[in-house]
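Before any comments, here is the structure.
The values are calculated or read from the model by the stated rules, or taken from the named source; none is laboratory data. A quick note: this is a predicted structure, and the numbers were derived from the prediction, not measured. Glycine also receives a Cβ, built like all others from the backbone with ideal geometry; neighbour counts cover every protein chain displayed.
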Amino acid sequence: MLTCLESVRFPFFTGPLAYMLDRLEALPEELVITSAIDSEHVRNSAHYLGRALDIRVHDLNARAEQLARGDRILAALGDKFEVTLEEPGANRFTTGAHLHVQLLPAASWP
Ligand SMILES: [Zn+2]
């Protein structure tokens, strides 16, 4: 099941976003999107292009479990994507650990 925090916004929609939502929804675990095209991200972030989503991990205690969720997500999305565990302090906008999921910058779409 896939849910979004109330603060998550999709002011526009893209092919990569539709693809990511479709694949994430198909996973058998409960996932919460914490950011899409909203809130503050680093300059030139893929979020502003509709090519990235953030996924909650603080429901998992162990870092190894958080990384394993990232691996499952990456396996579901394929090799045009990357998944990074961003921990507090990764950049000045990162307040809580989350998985940053994005289409690779050099990837063509579709
Ligand atoms: Zn992100």
Of the criteria (1) in a helix (DSSP H, G or I); (2) within 12 Å of the ligand (Cβ to nearest atom); (3) surrounded by 14 or more Cβ atoms within 10 Å (Cβ to Cβ), which one I73 fails: (2)
Within the stretch 76-89, how many residues are surrounded by 12 or more Cβ atoms within 10 Å (Cβ to Cβ) and either away from the ligand (no atom under 13 Å from the Cβ) or touching a residue at least 60 places away in the same chain (Cβ under 8 Å) (or both)? 4
Being farther than 19 Å from L17 by Cα and touching a His at 6+ places or on another chain (Cβ under 7 Å) is the filter here; which residues of the stretch 73-110 pass it? E86, F93, G96, A97
Find all pairs meeting these conditions: Cβ atoms under 6 angstrom apart; at least six residues apart or on different chains; first residue within the stretch 28-50 and within 12 Å of Q102 (Cα to Cα) and within 9 Å of the ligand (Cβ to nearest atom); second residue modelled with pLDDT under 95 and in a loop (DSSP other than H, G, I, E, B). H47/H41
Apart from one, (1) more than 16 Å from the ligand (Cβ to nearest atom); (2) closer than 21 Å to E6 by Cα; (3) polar (S, T, N, Q) all hold for N61; the odd one out is (2)
